[in-house]
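Shown next, in structure tokens, is the structure this report addresses.
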């Protein structure tokens, strides 16, 4: 069992948010597989569920964005996650947006970030994935690889970046997530519109068919969408997912809304808001998707899970499994165990 996160959190929260983030990832990287890992490890709750042909060991996953370069796969596996999603990765390395670009809003149990897909590029990302001991040993934990476009790539050429990344990650992923919903890459969310989404998903579906023949297996593709969508937009996305044979949807990414944080320090910083204020918007999108997609279509619910009750709400709204990120920063590794146990009971 992990040491109380309450001991470490005050020290981390005195630091700049991104500096604390990077320090934590370095510590996890260097202590994974050592006796020090006992300070943050948790047992894995067995609560298997099958989605998109994949057997998830339990219903709690790590959302993309925390480990952009896939350095900490083994460490997060030791925290008891049933699945871990790393990235977003782009074809070429890029520094992301100017610092500072990550801000805590403790009163609201929230974060704002405008990182901008900062990452070391596809080649470095894949090398890190292949170094994972958990992956080499064939453990039960599932790995999702999240792909995006470079900021310098014109939006009309975005599909080429996604296709490059899809081909690269395909042999190494249990599932691939197509991120078209970050608010921190200019014009990216325009890919959620009808014509642009149709073109992108058609290209991905065709390339996936080719890769499936080449590698002898069909890797599921999930689409990650924004919470800032109107019902007609959600309906169009649901139709496109089914029309192009996508395997699931992740709802949702961060929000550009500032509902629930007005007047707080950093509330007007540009970027995506995550954490507790996102919960209801995320649940609303999940509820709409479930009504539109029917009972069998896989939905991963993410956004605002700070306790076990929040995760159960996601399942009741229509999600099959959930992911956490900001909750891990505010609550620590024990949140994984708490949520997994609650979902097994529920």
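Against the test of being within 24 Å of residue 149 (Cβ to Cβ) and free of Cβ contacts under 8 Å to residues at least 60 places away in the same chain, the options 69, 97 yield a single qualifying residue, 69.
With the structure loaded, tell me whether residue 311 is modelled with pLDDT of 95 or more, buried (at least 21 other Cβ atoms within 10 Å of the Cβ), in contact with a helix residue (DSSP H, G or I) (Cβ under 8 Å, 6 or more places away or on another chain) and within 21 Å of residue 55 (Cα to Cα) or whether it fails that test. Judged against the criteria, residue 311 is a match. Residues of the stretch 170-183 that are in contact with a strand residue (DSSP E or B) (Cβ under 6 Å, 6 or more places away or on another chain) and crowded, with 21+ Cβ neighbours inside 10 Å: 173, 175, 176, 177, 178, 179, 181.
The C-beta contact set for the stretch 301-316 (first residue over 19 Å from residue 253 (Cβ atoms), second residue assigned to a helix (DSSP H, G or I) and modelled with pLDDT of 95 or more, distance under 6 angstrom, 6+ apart or interchain) comprises 308/338; 308/339; 308/342; 312/342.
Return the residue satisfying two criteria in turn: it lies in the stretch 130-169 and is farther than 22 Å from residue 193 by Cβ and in contact with a strand residue (DSSP E or B) (Cβ under 7 Å, 6 or more places away or on another chain), and of such residues it is surrounded by the fewest Cβ atoms within 10 Å (Cβ to Cβ). Quick ask: steps written out before the conclusion?
Our first condition is that a residue be farther than 22 Å from residue 193 by Cβ; within the stretch 130-169, this holds for 130-145, 164, 167-169.
Restricting the remaining residues to those that are in contact with a strand residue (DSSP E or B) (Cβ under 7 Å, 6 or more places away or on another chain) gives 135, 141-145, 169.
Values: 135: 18, 141: 23, 142: 20, 143: 23, 144: 26, 145: 26, 169: 26.
In this case the residue turns out to be 135.
Within the stretch 81-100, the set of residues being more than 18 Å from residue 169 (Cα to Cα) and either in contact with a strand residue (DSSP E or B) (Cβ under 6 Å, 6 or more places away or on another chain) or modelled with pLDDT under 95 (or both) comprises 81, 82.
Every test in (1) in contact (Cβ under 8 Å) with a residue 12 or more places away in the chain; (2) at negative phi; (3) part of a strand (DSSP E or B) is passed by residue 50 save one, and that test is (1).
Screening residue 120 with (1) surrounded by fewer than 22 Cβ atoms within 10 Å (Cβ to Cβ); (2) over 20 Å from residue 28 (Cα atoms); (3) out of contact with any strand residue (DSSP E or B) (no Cβ under 7 Å at 6 or more places or on another chain) gives one miss only, at (2).
Determine whether residue 45 is within 25 Å of residue 279 (Cα to Cα) and in contact with a strand residue (DSSP E or B) (Cβ under 7 Å, 6 or more places away or on another chain).
Working: within 25 Å of residue 279 (Cα to Cα): yes; in contact with a strand residue (DSSP E or B) (Cβ under 7 Å, 6 or more places away or on another chain): no.
So residue 45 fails the test.
Taken together, 20, 37, 8 contain a single residue that is touching a helix residue (DSSP H, G or I) at 6+ places or on another chain (Cβ under 6 Å), modelled with pLDDT under 90 and surrounded by 14 or more Cβ atoms within 10 Å (Cβ to Cβ), which is 37. Within the stretch 305-329, the set of residues being in a loop (DSSP other than H, G, I, E, B) and more than 16 Å from the chain's Cα centre (by Cα) comprises 307, 318. Within the group 44, 29, which residue is assigned to a helix (DSSP H, G or I), out of contact with any helix residue (DSSP H, G or I) (no Cβ under 6 Å at 6 or more places or on another chain), surrounded by fewer than 23 Cβ atoms within 10 Å (Cβ to Cβ) and in contact (Cβ under 8 Å) with a residue 24 or more places away in the chain? Just one listed residue meets the conditions, 29. Reported count of residues in the stretch 330-346, each being in contact (Cβ under 8 Å) with a residue 60 or more places away in the chain, surrounded by fewer than 24 Cβ atoms within 10 Å (Cβ to Cβ) and in a helix (DSSP H, G or I), is 7.
The values are calculated or read from the model by the stated rules, or taken from the named source; none is laboratory data. Quick caveat: nothing in here was measured; it's all calculated off a predicted structure. No Cβ is skipped: glycine too gets one built from the backbone with ideal geometry, and neighbour counts run over all protein chains shown.
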